[in-house]
1. Once both labels are modelled 7 Å past Cα along the beta-carbon direction, what's the residue 64-residue 52 spacing in nm?
2. On a full-extension model of 0.36 nm per residue, what is the gain between residue 239 and residue 174, subtracting their alpha-carbon distance, rounded to one decimal in nm?
3. Give me the one-decimal nm value for the distance between modelled label points at residue 111 and residue 87, 7 Å along each residue's Cα-to-Cβ direction.
4. What nm value, rounded to one decimal, do you get for the distance between residue 256 and residue 38 when each label is placed 7 Å out toward the C-beta?
5. Local charge sum around residue 134 (other residues, Cβ-Cβ under 13 Å, Lys/Arg +1, Asp/Glu -1)?
6. Note down the net charge around residue 265, summing +1 for each Lys or Arg and -1 for each Asp or Glu among other residues with Cβ under 13 Å from its Cβ.
7. Residue 152: net charge of surrounding residues, Cβ under 13 Å, Lys/Arg +1, Asp/Glu -1, itself excluded?
8. I'd like the accessible area for residue 258: 1.4 Å probe, protein heavy atoms, all chains in place, Å² to the nearest 10.
Amino acid sequence: MTMLDTPSPVLATKYQQSVAEYWNQEKDPVNIRLGEVSGTYHHHYGIGDVDWSVLDGDEATRDERIIKEMHRLEAAQADFLVEQLGALGAGDRILDAGSGRGGTSFVANLRFGCQVDGISISEEQVKFANNQAQQRGVADKVAFHFRNMLGNGFPDATFQAIWNNESTMYVDLHELFAEHARVLKPGGRYVTITGCFNDVHGRQPSRAVSQIDAHYICDIHPRSEYFAAMSANNLIPISVVDLTAATIPYWELRAKSSVATGVEDPFLTAYKEGSFHYLMIAADRI
C-alpha cells in the first residue's frame, strides 16, 4: 500500500497517513516472534518480574527462552488491562481503540465472552487480526475495522467499555476522549495503559523521551494532559496505577534479546531518571 495523495475519510491528515504507512509495512520481530510463541500477537510492552534463569543453560536456545519470557510479560500486561474493565458479561459490547494485530481484543473476548470491535488505521493490521479471528473461530464475536479512533463511526452509547493499549500517543487526547465519551454508555469504563512524560521535569519531553517519539513517529503526551482531557470529557478517573517499576525488567530483558531495536536504552534512561512514566488509568463515563 502506498501513501495516498489526498486524505481518505479514515486517514484525515498527512500525519495519519504516515502512521498508517508505518504500521502497514511493520514486520518487526519484536512483535512477530513474540506472537508466534502462543499465537496471540500483542503490540505493547510487558510488566512483572523477570525469570532471569532464562539467561542460564544452553546457549543455543537462550534467545528462544528470552522470547518466551518476554511474551509472558506482555501477556501479563494485557491481562492486567482487561482486569480493569469492570464486570462485563456476554451481552456487552466493548471497543479496542488502536487494536494492532488483535492481541488484547482476543484476551478480553476469552475472559468475558462479549462482543469486541477493534479499530486501526492500518489496513494490514485489520486484515491480520480478522484472519486471526477466523482461525480462532471467534469471528462472530470479535471483528476488526479500518477506522480512525478520532471518528470511529459507531452510534452514540454503543459500548460498555473502551480501552487504548499504548496507542494514545498518536492522537490529540481531547479529541480522543470526546469520541470515547460519545460512544461509551453512561457508567461505562475507559482504560488506558500508556507512557507519558513527567511534567515535574519540565514542560517539554526529555531527550530520552524525544528519542522514543522519533523512533515510533509519535507524540508522547505529558501526564497532566491525560487527566485534563478526561475531566473535560466526562471521564472521571477511579484508579491510577504507576507501572513504571513493573515494566523496567521487561526492557532490561529485551535489551539482551535478538529482537532489540535500539530503543531500549532511551526507555530505560527515561524510566530510571524519572522523566517518563508508564501508567494505567481507569475512568468511568458520567
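1. Going from the residue 64 label point to the residue 52 one covers 2.5 nm.
2. Values: separation 65, 0.36 × 65 = 23.40 nm, distance 1.96 nm.
The span from residue 239 to residue 174 would gain 21.4 nm if fully extended.
3. Going from the residue 111 label point to the residue 87 one covers 1.6 nm.
4. With each label point 7 Å from Cα toward Cβ, the separation is 2.2 nm.
5. On the way: positive: 127, 136, 141; negative: 140.
Taking every other residue near residue 134 into account, the sum is +2.
6. Numbers: positive: 207, 254, 256, 272; negative: 252, 264, 273.
The answer is +1.
7. Numbers: positive: 93, 147, 182; negative: 96, 117, 156, 175, 179.
Within the 13 Å Cβ shell, the charges total -2.
8. 70
The values are calculated or read from the model by the stated rules, or taken from the named source; none is laboratory data. Model, not experiment: these values are computed from the prediction. Neighbour counts run over all protein chains shown; Cβ positions are idealised from the backbone, glycine included. Accessible surface is based on the protein model in full, side chains and every heavy atom, while ligands, DNA and RNA are left aside. Shrake-Rupley method; radii C 1.70, N 1.55, O 1.52, S 1.80 Å.
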